[in-house]
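In what follows, a single structure is set out as structure tokens and then discussed.
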Amino acid sequence: MPHITICQVYYSSEKVINQIEKDLRLLQNVPQPHFTGVSFIKDKKFETIWWAELSVARDPELITLQQKVVKIVTHYNLSCINDIGELYRPHLTLARINRLQHLDSLNIHNVLNPSPFMLTIGQGDHLGQFIKVERLVKE
């Protein structure tokens with residue numbers, strides 16, 4: 001599922017996720033992303049795998065949102081497993097592909113004209129791909 005990761009954590013417990021959800025609901029605004037380009041990043045582990053993504057500007061509102069989410073998560077003794085702070089590189093993941101020839105199958109037009117973005121709690125797989133929305137936190 002296309003997404004922009006704010007803070008990725010390893011699952012803790014239903015009780016902790018419920019508390020994080022309550023705290024996230026108190027956040028004021030969900031900034032809309034500003035796309036700046038298309039990137040193809042070679043996977044660090046697998047030689048033939050590429051990540052197709054849209055680059056997202058590091059707007060102050062997005063960085064502030066990430067800082068607030070990191071603060072909430074660390075309050076519950078969890079840590080983000082994605083880069084944060086100055087190392088945070090926001091992007092919208094389009095696909096994980098094993099050959100660049102597959103680019104023709106991506107429907108980039110739909111991604112460039114998305115519905116409004118929402119803050120959600122979701123589920124990822126062992127590859128770091130966002131696969132399921134668990135809870136809608138804020139529209």
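The values are calculated or read from the model by the stated rules, or taken from the named source; none is laboratory data. Every value quoted in this text rests on a predicted model; they were computed, and no experiment measured them. Cβ: placed from backbone, ideal geometry, glycine included. Neighbour counts: every protein chain shown. Just the protein is used for accessible areas: all its heavy atoms, side chains included, with ligands, DNA and RNA removed. Shrake-Rupley method; radii C 1.70, N 1.55, O 1.52, S 1.80 Å.
Relative contact order, whole percent, for segment 14-136 stands at 24, derived from Cα pairs under 8 Å and 6 or more residues apart. A crude spin-label estimate for the pair residue 87 and residue 59, with each label 7 Å from Cα along the Cβ direction, gives 2.6 nm. Selection among 82, 3, 41 by position relative to the dipole of segment 1-94 gives 82 as farthest towards the positive end (Cβ unit charges, Cα centre). With respect to the chain, whose longest principal axis is taken over its alpha-carbon atoms, helix 14-25 is tilted by about 90°.
When the accessible area of segment 14-136 is split by element with a 1.4 Å probe, what percent falls to carbon and sulfur? Intermediate values should be presented prior to the final figure.
Values: 4330 of 8100 Å².
Here carbon and sulfur together make up 53 percent of the probe-accessible area.
Taking the chain as a Gaussian network of alpha-carbon nodes connected by springs under 10 Å, the highest mean-square fluctuation of the residues 46, 35, 117 belongs to 46. Computed from Cα positions, the angle between helix 60-75 and the longest principal axis of the chain comes to roughly 60 degrees. Excluding same-chain neighbours fewer than eight residues apart, the lysines reachable from residue 44 by a Cα-Cα span under 25 Å are 132. For mean projected area of the Cα convex hull in nm², computed directly from the structure shown, the correct entry in (1) 10.0; (2) 8.5; (3) 9.0 is (2).
Full extension of the chain between residue 8 and residue 22 gives 3.3 nm of extra length, using 0.36 nm per residue less the Cα-Cα distance.
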